[in-house]
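Notes to accompany the following structure.
The values are calculated or read from the model by the stated rules, or taken from the named source; none is laboratory data. Keep in mind it's a predicted model, so treat the numbers as computed, not measured. Here Cβ is always computed from backbone atoms with ideal geometry, including for glycine, and neighbour counts include all displayed protein chains. SASA here: full protein model, heavy atoms, side chains in, ligands and nucleic acids out. Shrake-Rupley method; radii C 1.70, N 1.55, O 1.52, S 1.80 Å.
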Amino acid sequence: MAENGEEKLIAVARHIAKTLGHTDTMTDDILQIFSSFDNRFREKLTDDQPLERSLKSLHRQISRHLSAQHPIWSDSADSAAFLDSVDQLLAIIHEWNPMANDKSVSASLDKAEDLLQQAMFRLQDEFTTLMQRASESVDLTRHQNGGDNLGGYYESEEEEEEVDDDDDDDSGEIPIAHPVTDYGILIEALPAGIISDLHEIAKRMVAAGYDKECSHAYSVSRREFLEESLSRLGLQKLSMDQVQKMQWNELEDEIEKWVKAVNVALRILFPSERRLCDRVFFGFNSVSDLSFMEVSRGSTIQLLNFADAVAISSRAPERLFKVLDVYEALRDLMPKFEFMFSDQYCVLLRNEALTIWRRLGEAIRGIFMELENLIRRDPAKTPVPGGGLHPITRYVMNYIRAACRSRITLEQVFKEIIVPSASAVDYREGDDRALSSSSLAVQMAWIMELLESNLETKSKIYKDSALLAVFMMNNERYIVQKVKDSELGLLLGDDWVRKHAAKVKQYHVNYHRSSWSKVSGVLKIDNNAMSSPTGASRSLKEKLKLFNSYFEEICKTQSTWIIFDEQLKEELRISVAGALSPAYRNFIGRLQSNNDSSRHTERHIKFSVEDLEARISELFQGSSGSGGGRK
């Protein structure tokens with residue numbers, strides 16, 4: 001550097017002489033005066049090509065490395081010498097640039113720039129070679145040790161044996177990954193020595209203004225690693241159109257793979273790549289950010305496009321739960337996106353992730369709208385035999401009960417209707433406060449209302465008002481129990497449960513009134529008809545005959561009816577027996593106490609009180625294949 005300083009001083013002296021000298025003779029005189037101050041400068045001031053001489057020396061040194069057929073970094077002494085020559089060349093260019101207006105200096109600087117460009121191209125090749133060599137050594141280590149250096153999520157021993165057995169088979173198939181349970185790991189993708197060498201090369205390339213070329217060489221290699229990693233995780237490269245055209249069972253499998261892959265990518269692969277970028281390009285934040293974006297962009301877009309395709313695909317109700325899986329995966333990973341994709345190059349990827357996450361929320365709300373349409377469109381054509389549970393009741397209640405296992409997520413999704421955009425997004429919103437008035441509670445109450453309205457329409461198919469009441473009682477009871485036994489109870493609240501439990505009781509009353517009021521009425525004693533023994537006997541016998549007929553008919557009919565809930569069934573039987581048995585016992589007692597009819601009483605009494613109660617206990621047995629059981 002001291003020599004370079006002297007050369008710079010000499011160049012300045014020569015520049016002053018040329019500026020002050022009006023003729024060549026005057027210039028030479030001025031140079032002679034400068035040289036008289038120090039004999040060491042005499043030879044150098046009379047030498048009018050010091051820059052050219054230095055460049056020739058560097059050209060010889062650098063060309064020797066450029067012409068080498070082997071990688072320069074295969075020998076540490078060669079690599080150190082090459083970097084030293086590049087440093088000298090950069091220093092000369094930097095020091096002589098202020099005098100670039102001088103024609104002779106400008107011509108020499110052009111030669112220096114050409115030499116620097118050749119050196120940078122060779123450095124770029126060496127950088128790429130180091131990256132490839134390091135990747136090969138990592139792969140070799142993984143196969144030799146029967147495991148891997150990359151976080152423990154690649155092939156199993158079984159798969160490794162298959163690889164060993166098929167060494168000659170160059171099929172290029174990528175083995176599938178192990179399941180990952182520990183996300184708290186980082187991949188040491190390259191050895192520390194290689195990272196140090198890459199950093200030294202990067203320093204020179206950035207200093208020479210070849211930062212984009214260096215970033216490109218880095219990102220090409222690492223991008224391949226990320227893409228291969230996703231393939232090992234079982235994730236296919238699918239276009240959005242292919243995803244939308246997949247059969248649902250196939251898409252379910254792909255979603256499961258995607259959820260695993262996106263978690264590994266955002267929790268292990270991308271943080272590891274970010275760390276590697278920062279180490280290779282230490283001190284050059286902008287280059288590190290650009291490189292990370294170039295490395296991760298393709299894989300990130302692949303992951304986000306899949307989620308977007310799921311968001312805009314069919315909104316059939318059965319897809320809810322897998323769409324929720326995708327939504328929750330992205331939601332839980334948004335802080336990772338925020339942390340790793342916040343720089344100027346990656347911010348678009350972060351914003352796209354946020355947009356797709358919100359689009360998935362729209363898809364979930366759209367699925368619930370489709371569920372509403374499904375309830376509205378369900379036809380009221382064929383009555384359910386025996387007044388049992390309607391399939392729509394079972395389907396809707398089991399569906400929303402299962403959905404409410406993701407209540408926190410759904411609270412967040414439906415809250416976005418009220419607050420569609422916020423400057424700060426809380427990705428894990430949702431608690432137990434004010435549930436009964438939450439957006440999700442309103443949505444669930446609305447679905448309940450649609451279902452009940454649909455059931456009331458269906459109940460009108462039944463011509464028998466008692467069977468209508470049984471149908472509504474069954475379905476309302478099922479609804480209430482499903483609400484009470486799940487998170488729906490928290491959402492809809494105790495008032496809703498009490499209100500609908502009261503509806504069940506009202507249908508119970510309606511059933512009694514429709515079925516048994518006529519039978520009970522027969523057992524009432526008409527005091528006018530009892531004024532004479534003969535008239536009383538005749539009246540009692542006629543009433544008993546009529547009662548037997550009504551009772552037989554009702555028992556025969558209602559034994560095939562269905563009450564799905566055992567407790568409700570027992571309550572109904574007890575209430576019927578409780579209302580009928582005392583009246584019947586009293587009636588039989590009056591008949592037996594009548595002197596005129598006592599001789600033939602037993603002939604007219606078809607049922608004892610015990611028989612009556614036994615027949616009542618056979619009500620609501622249902623018929624085979626009636627489909628009214630509870631599930």
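Before moving on, here are some points about what is shown:
- Per the conditions (1) farther than 29 Å from Pro191 by Cα; (2) open to solvent by 10 Å² or more (accessible area, probe 1.4 Å); (3) in a helix (DSSP H, G or I), the sole criterion not satisfied by Ala112 is (2).
- In summary, Asp526 fulfils each of the numbered conditions (1) open to solvent by less than 60 Å² (accessible area, probe 1.4 Å); (2) of a type in the set (D, E, K, R); (3) at pLDDT below 95 with the single exception of condition (1).
- For region 209-218, the set of residues classified as within 12 Å of Gln124 (Cα to Cα) and of a type in the set (Gly, Ala, Ser) consists of Ser215, Ala217, listed by residue number.
- None of Leu360, Leu324, Leu304 is assigned by the TED database to the domain that holds Asp241 and under 30 Å from Ala134 (Cβ atoms) except Leu304.
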